[in-house]
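For reference, the structure is listed below as structure tokens.
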Amino acid sequence: MSYPPRSTRITYEGLSFLSILVFIILGSILRQINLLVLLSGLMIAPLFFNWRISRKMLERVKFRRRLPEWAHAGKPFVVEWQAENHRSRVSSWGIKISDQIRAQGAGKREIEKIDLILPQINPQDSATTSYRCLLSSRGVYEFGPAIASVAFPIGLFRSRVRLAEPDWLTVAPRLGTLLPRWRQLTQSSAVGVRSNFKRRGLSDDEFFAIRQWKPGDPRRIIHWRSTAKHGELLVKQFEERTDHDFGIVLDLFADERTNPELIELSISFMATVVSQMNQIVKGDTVVGLFGDSNWIAEQRVTRRLQGEVMKRLATIGPTAHTGVARHLKQVFQSTSRDTSVIVISTRSFADLAGHGKGHPEESAGQQLAAFRRNLDWIDMSNNADQNYFQIEAETNPAQLTKIAAPH
């Protein structure tokens, strides 16, 4: 196992100590005072031993940083450091880990630094320390490079090792709360696509309770363990479920009049819907993100899909030519004719369909009107979010590292 190289430097305290030592040595030579010679000898010993011990503390010690898979802006998360002492006899004392965080594209002046202390690591053992971090803006953040250092026991010399390469963390948009009006919207969309429902059998329904047997109940739903316990026939009660296809699209249009806060609010709305999509969608789903980069996914709702959407929402930006009409037309043509699609947009549907001649989205916007009955358009520029979505207040616990991405 390889370990990072160590370097040792004298500290400011060590320089002060060394200056006094040199003064005493010069005085003892010039004045020929034996007591000063003895004193200088006594002072050299701690200087040497501090240098030797500080180097020993970092010998054969392995460090590892642990980050979450992703985080959400405005919500605290934990960054953990683990150190393993692979020596068989000597403990490590007073290790200081200096970590740093910087948003991608930020300058050196926007680096946030964090210092952690590991008091003791026993031989053939490990120790952990952590800090809570709150990032106020979505984006990609760089953690590191970090440095581990030791000045034990008296701080005259400090040994340092540069730790592993920097880690990158994707910070997804801030989450909010979906209001009851949103549930009504999704339910009404489901009612409008009844012909696309796929009815499930009893074996696929959700078992949620036990009830007494009634004449006509099939034998296969008898709950034998409860029947034996209570001495009467009890059967499983199922919640009947239906599946329907569903689409959710983000249209991140912006021009010189668009408020940047509207962009971030729309992205947070989309992230909140995606985070709760497994509660909304019981069938196949189509997710579309249209801004400075376009992306479409058509599959069942899984945690992997939600994670991929969150990572893309962390970095997506607005554009004046999203191509949403053209892409929506392709979605409707490639899916079932009764698929319901909800679009979260920073503009109105009338603005999209009413583009003048020569605009890149002119023809697609007009043709999209044919699919209007399967399309719910949420115009964020008209404060439509207040009916469906409410942003959560930022968590602000004490002693959190908090930085914002540059805009």
Next item on the list: Could you tell me whether R109 is outside any strand (DSSP E or B), open to solvent by 20 Å² or more (accessible area, probe 1.4 Å) and either modelled with pLDDT under 90 or in contact with a strand residue (DSSP E or B) (Cβ under 7 Å, 6 or more places away or on another chain) (or both)?
Entry: yes
Notebook entry, point to check: What is the number of the single condition among (1) in a helix (DSSP H, G or I); (2) of a type outside the set (A, V, I, L, M, F, W, C); (3) over 17 Å from S149 (Cβ atoms) that S2 does not meet?
Noted result: (1)
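On the basis of being part of a loop (DSSP other than H, G, I, E, B), touching a Ser or Thr at 6+ places or on another chain (Cβ under 7 Å) and buried (at least 18 other Cβ atoms within 10 Å of the Cβ), does R174 make the cut? Reasoning before the result, please.
Numbers: part of a loop (DSSP other than H, G, I, E, B): yes; touching a Ser or Thr at 6+ places or on another chain (Cβ under 7 Å): yes; buried (at least 18 other Cβ atoms within 10 Å of the Cβ): yes.
Criteria met by R174.
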Item checked: Residue in the stretch 30-41 that is nearest to F152 (Cα to Cα), counting only those that are open to solvent by 60 Å² or more (accessible area, probe 1.4 Å) and more than 60 Å from the chain's Cα centre (by Cα) -> L38
Notebook entry, point to check: Are any of the residues in the stretch 65-73 under 21 Å from P153 (Cα atoms) and of a type in the set (F, W, Y)?
Noted result: no
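If I filter the stretch 28-78 down to residues being of a type in the set (A, V, I, L, M) and in contact with a strand residue (DSSP E or B) (Cβ under 6 Å, 6 or more places away or on another chain), which single residue comes out as farthest from S7 (Cα to Cα)?
A73
Yes or no: V161 over 23 Å from L175 (Cβ atoms), touching a residue at least 60 places away in the same chain (Cβ under 8 Å) and aliphatic (A, V, I, L, M)? Before you say what the answer is, go through the steps one by one.
Details: over 23 Å from L175 (Cβ atoms): yes; touching a residue at least 60 places away in the same chain (Cβ under 8 Å): yes; aliphatic (A, V, I, L, M): yes.
So V161 passes the test.
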Next item on the list: Looking only at the stretch 289-296, decide whether some residue is acidic (D, E) and out of contact with any strand residue (DSSP E or B) (no Cβ under 8 Å at 6 or more places or on another chain).
Entry: no
Notebook entry, point to check: Of the residues in the stretch 42-75, how many are within 30 Å of R304 (Cα to Cα), buried (at least 17 other Cβ atoms within 10 Å of the Cβ) and of a type outside the set (F, W, Y)?
Noted result: 6
Item checked: Top-ranked residue of the stretch 269-278 - restricted to ones that are more than 14 Å from L185 (Cβ to Cβ) and open to solvent by 10 Å² or more (accessible area, probe 1.4 Å), ranked as modelled with the lowest pLDDT -> N278
Notebook entry, point to check: List pairs: first in the stretch 32-58 and closer than 21 Å to Y12 by Cα and in contact (Cβ under 8 Å) with a residue 24 or more places away in the chain, second among the polar types (S, T, N, Q) and outside any helix (DSSP H, G or I), Cβ under 6 Å, 6+ apart or cross-chain?
Noted result: S54/S159; R55/T8; R55/S159; M57/S92; L58/S159
Checklist line | Residue pairs meeting the criteria (Cβ under 8 Å; at least 6 apart or on separate chains; first surrounded by 12 or more Cβ atoms within 10 Å (Cβ to Cβ), in the stretch 2-29; second in a helix (DSSP H, G or I) and of a type in the set (F, W, Y)) | finding: T8/W51
Note to self: Looking only at the stretch 76-85, how many residues end up being in a strand (DSSP E or B) and either modelled with pLDDT under 90 or open to solvent by 30 Å² or more (accessible area, probe 1.4 Å) (or both)?
What the structure shows: 3
Next item on the list: Would you please name the residue that is farthest from the chain's Cα centre (by Cα), looking only at residues in the stretch 293-315 that are surrounded by fewer than 18 Cβ atoms within 10 Å (Cβ to Cβ) and touching a residue at least 40 places away in the same chain (Cβ under 8 Å)?
Entry: T315
Checklist line | Filter result for the condition that a residue is in a loop (DSSP other than H, G, I, E, B) and farther than 30 Å from T272 by Cβ, over S88, S40, S98, S16 | finding: S88
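Applying the selection to the stretch 317-353, what residues are β-branched (V, I, T) and either at pLDDT below 80 or in contact with a strand residue (DSSP E or B) (Cβ under 6 Å, 6 or more places away or on another chain) (or both)?
Step one: of the stretch 317-353, the residues β-branched (V, I, T) are 319, 322, 324, 331, 335, 339, 341-344, 346.
Once the filter is applied, which keeps residues that are β-branched (V, I, T) and either at pLDDT below 80 or in contact with a strand residue (DSSP E or B) (Cβ under 6 Å, 6 or more places away or on another chain) (or both), the stretch 317-353 yields T322, V324, V331, T335, T339, V341, I342, V343, I344, T346.
Does at least one position in the stretch 128-146 carry a residue that is of a type in the set (G, A, S), surrounded by fewer than 17 Cβ atoms within 10 Å (Cβ to Cβ) and part of a strand (DSSP E or B)? I'd like the intermediate steps shown before the answer.
Kept after step one, since they are of a type in the set (G, A, S), are these residues of the stretch 128-146: 130, 136-137, 139, 144, 146.
Restricting the remaining residues to those that are surrounded by fewer than 17 Cβ atoms within 10 Å (Cβ to Cβ) gives 130, 136.
Those still in the list that are part of a strand (DSSP E or B) too: 130.
Within the stretch 128-146, one or more residues are of a type in the set (G, A, S), surrounded by fewer than 17 Cβ atoms within 10 Å (Cβ to Cβ) and part of a strand (DSSP E or B).
The values are calculated or read from the model by the stated rules, or taken from the named source; none is laboratory data. The model shown is predicted, which means the values in this text are computed figures rather than measured ones. Neighbour counts run over all protein chains shown; Cβ positions are idealised from the backbone, glycine included. For the accessible areas, the whole protein counts, side chains as well, though only heavy atoms, and no ligand, DNA or RNA atoms are used. Shrake-Rupley method; radii C 1.70, N 1.55, O 1.52, S 1.80 Å.
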